[in-house]
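Since every read-out is calculated from the coordinates, none of them should be taken as a lab result. Note that the structure is predicted; figures quoted are calculated from it, not measured. FYI the Cβ positions are ideal-geometry reconstructions off the backbone, even for glycines, and counts take in every protein chain you see.
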Amino acid sequence: MRRVAITGLGAITPLGNSVDAFISGLERGENATQYMPEWEKYTGLRCLVGAPARMQDEKLIPRQNRRSMGRLSIFAVQAAEQAVKDAGILPAELSSGRLGCVIGSTMGSAESINEAFETILPDHDLSKLTSTKFFQCISHTAALNVGQYLGITGTVMSTNAACASALQAIGTGYDIIRLGGQDMMLCGGAEGLHPTVVGSFDVLFAASSTFNQDPKNTPRPFDARRDGLVCAEGSGIVVLEDYERAQKRKAKIYAEIIGYNSFGNGNHVSESNREAIIACVNETLTRAAVAPGEVDYINAHATATIQGDKEEAAAIRQIFGDTVPVSSLKGNIGHTLGASGSLELIASLMMMEKGVIYPTLNLQEPDKDCRGIKHVMEPLKKEIRIFLKNCFAFGGINAALICKKT
């Protein structure tokens, strides 16, 4: 099995449209949550807060390419371009057949899907749809558009597992390189913010609605006053590369991926389960040949839902006790769903580089069910040699990934 390095990063986030802007926002303790007045027209929607990213420079993408891209695909293309540049990938390498991409999302562009139905439904006239709308709506829209735009001729795949999509994409790319299928992979996730997506959480009482008039105080991961997640959007893309190849070309290596695991809990379609989380994390530790005491930081999934935070905290408590620092970044950027695993991985890599752990924003009083773990509530200077990234999605889909400093 080949070793796998991370050699490039790209990010479009609610805190800014670059990795530097993203990290600067985290360092300043910014919260991207906003009141969304345009959502007031949707009857029955209680959650009126979101964390939007800013569409910027999209017209730099030629119209011939852009017309098949919904909002999330534009984000993915822009983040992929950043990652390619950061890794120093040459144009010839993109079309070499030895570079591929795996990019996931919760679904196709929710905005485009909504537009398609609004176009069709008044008189059921399918001829009103544009020829490219389909490509904005299909589930692998981010992967296909990045592949087409960059001229990628290697493996092109999509992982569509809601909040675990991006981490599954990175884990899949990791396995493909380890097995020799490709030398380099662009991996990650993308998401577009739309009230129809927010509504799917709202009907499950999983979206924040208490703080509509006080948006900077939500979401509140692990906090006693948490009332649900805040949906967000953006894209995070990382370049994975055969470790020896990266060394030979003297590429910057952010970290080495040393363990990955993903499986379902078979227990409940929408509720997290601590036993399944424990099994997933323990197997990831085993595959990485890492003991719990060797982990220096845990980037928690922690969406600020009552059940999810409680179950994840219980799993961390059982495996790691109260010695390993834990934080969630969703207090800063909301829940970017299909992009969350890759964006939060990128932030964790930058924490590793800078020797600092960013705290869980809005965590003021840990809930009684979330205590017994080492919450980071203020910036913490610490050397990070090994960190664990968690993601847990609807359908009981758990994913975990471990990175090591080189």
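Give me the extension gain from Ile253 to Glu58: residue separation times 0.36 nm, minus the current Cα-Cα distance, reported in nm with one decimal.
Between Ile253 and Glu58, full extension yields an extra 67.3 nm.
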Practice prompt. Among Asp227, Asp20, Asp175, determine the one that fluctuates most according to a GNM of the chain built with springs between C-alpha atoms less than 10 Å apart.
Written response: Asp20
Discussion item. Please compute the contact order of the chain in relative form: average sequence separation of alpha-carbon pairs under 8 Å and at least six residues apart, divided by the residue count, as a percent.
Written reply: 23 percent
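Sort Lys404, Lys59, Lys216 so the one with the fewest other Cβ atoms within 10 Å of its own Cβ comes first.
Going from sparsest to densest Cβ surroundings: Lys59, Lys216, Lys404.
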Worksheet item: Which lysines have a Cα lying under 20 Å from the Cα of Lys250, excluding residues fewer than 8 positions away in the same chain?
Response: Lys85, Lys404, Lys405
Worksheet entry | the chain shape via C-alpha gyration tensor axes, a/c threshold 1.5 | oblate
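If neighbour count is taken as other Cβ atoms inside 10 Å, put Ser24, Ser96 in order from fewest to most. Spell out each step's value before the answer.
On the way: Ser24 13, Ser96 16.
Least crowded to most crowded, the residues run Ser24, Ser96.
Is there a quick way to get the dipole size of the chain? I mean about its Cα centre, with the Cβ of Lys and Arg at +1 and of Asp and Glu at -1; what is the value in debye to the nearest 20?
Numbers: 40 positive and 43 negative charges, 194 e Å.
Using only the charged Cβ atoms, the result is roughly 940 debye.
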Worksheet entry | Under 12 Å from the Glu118 label point (7 Å along Cα→beta-carbon), backbone N, region 42-67 | 42
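Count neighbours as other Cβ atoms within 10 Å of each site's Cβ, and list the trypsin sites (Lys or Arg not before Pro) in region 221-285 that are DSSP loop with at most 15 such neighbours.
Of the trypsin sites (Lys or Arg not before Pro), the ones in loops of region 221-285 whose Cβ has at most 15 other Cβ atoms within 10 Å are Arg225, Arg249, Lys250, Lys252.
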Discussion item. I'd like the antiparallel share, as a percent to the nearest 5, of DSSP beta bridges with both residues in region 4-248.
Written reply: 65 percent
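Classify region 70-115 from the C-alpha gyration tensor, please: rounded if a/c falls under 1.5, else prolate or oblate depending on whether a/b exceeds b/c.
prolate
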Fill in: Per-residue Cβ neighbour rank within 10 angstrom, fewest leading, Ile6, Ile373
Ile373, Ile6
Discussion item. Tell me the mean residue ellipticity at 222 nm calculated for the chain from its helices only (DSSP H runs of n ≥ 4, each -39500 (n - 2.57), averaged over every residue, nearest 500).
Written reply: -10000 deg cm²/dmol
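Between rounded, prolate and oblate, where does region 258-404 land on the alpha carbon gyration tensor, with a ≥ b ≥ c its root eigenvalues, rounded for a/c under 1.5, else prolate if a/b exceeds b/c? Present the calculation step by step, with values, prior to reporting the outcome.
On the way: a/c = 1.37, a/b = 1.14, b/c = 1.20.
The shape class here is rounded.
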